[in-house]
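What follows is a set of notes on a single structure, which appears directly below.
The values are calculated or read from the model by the stated rules, or taken from the named source; none is laboratory data. Here the structure is a predicted model, which is why all the values come from computation and not from measurement. Backbone-built Cβ (ideal geometry, glycine too); neighbour counts: all protein chains shown. Accessible surface is based on the protein model in full, side chains and every heavy atom, while ligands, DNA and RNA are left aside. Shrake-Rupley method; radii C 1.70, N 1.55, O 1.52, S 1.80 Å.
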Amino acid sequence: MKISGDRANLHASLGSAYLLAGDREKAGAAFSKLADADPKGNDFNDVAYQMANADLQLPLALGYAKKAVRAVEDESHQITLPDLKVEDLKEIFKVAAYWDTLGWVNERMSNLEEAELYLRASWKLTQDGVVAGHLCHLYKRTHRNQLAIQMCRMAIYRMPITGGLALTQSSTEMDAAKENLIS
């Protein structure tokens, strides 16, 4: 950080390390510097997701998530059918992942109607296990028990085939879905 303190990914990594070490204050400080270091917002989605999971500076996380969604949606608007490439199809999953993050941050902030809009849209696009887990949690909070049970079961079923999850994150998400199903 002292040598290349202007690199956004270093602020994101430092914030993550502080979170893992349990130092929420230093994590929040590192994450809050991200906006100045990352004008393009390349790390906003991942940081917003981590902040939501930790219930850390949720208004800032919401701002990051909104900026990330806006950027990825703008990118996806550049895709045209005549010029469609295989890598363009990956944008759909990126949009869905960013919608999940925005929905999850909103859920953590108790903006439940807004959260449901983004989480359901993400689920409809990808049928992702993590998204199902987030919907399970949302439905449980809103006392829609049948929907909660259905989404918890989908989370448990879909989690093993969800791509891009680290083993620890997959285990954490699976445990959360199981806990929501039991309680």
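Surface calculation, 1.4 Å probe, protein heavy atoms: Trp104 sits at approximately 20 Å² accessible.
Computed on the chain, with alpha-carbon pairs under 8 angstrom and 6+ residues apart, the relative contact order is 13 percent.
List the relative contact order of the range 32-122 as a percent without decimals, with contacts defined as Cα pairs under 8 Å and 6+ residues apart.
Values: 96 pairs, mean separation 24.9, N = 91.
Averaging sequence separation for qualifying contacts and normalising by length gives 27 percent for the range 32-122.
Solvent-accessible area of the range 1-102 (1.4 angstrom probe, protein heavy atoms only): carbon and sulfur portion equals 55 percent. Solvent exposure of Asp36, expressed as accessible area, is near 140 Å², computed with a probe of 1.4 Å over the protein chains only. Entry note, the chain: the mean residue ellipticity at 222 nm calculated from DSSP H runs of n ≥ 4, each adding -39500 (n - 2.57), is -24000 deg cm²/dmol after division by the residues and rounding to the nearest 500.
What net charge do the residues around Ala68 carry, taking every other residue with its C-beta under 13 Å from that of Ala68, with Lys and Arg at +1 and Asp and Glu at -1? Can you show the working numbers first?
On the way: positive: Lys40, Lys66, Lys67, Arg70, Lys94; negative: Asp38, Asp43, Asp46, Glu73, Asp74, Glu75, Asp100.
Combined, the nearby Lys, Arg, Asp and Glu give -2.
Largest GNM mean-square fluctuation among Thr101, Thr80, Thr126, using the chain with Cα springs under 10 Å: Thr80.
Of Ile79, Ile92, which has the most accessible area and how do the rest follow, probe 1.4 Å? Could you put the intermediate results ahead of the total?
Details: Ile79 55, Ile92 75 Å².
If we order Ile79, Ile92 from most to least accessible, we get Ile92, Ile79.
Students often get this wrong, so try it: which of (1) 26, 22, 15; (2) 29, 24, 14; (3) 34, 19, 14 is semi-axes √(5λ) of the Cα gyration tensor in Å as calculated from the structure shown? Checking each listed value against the structure points to (1).
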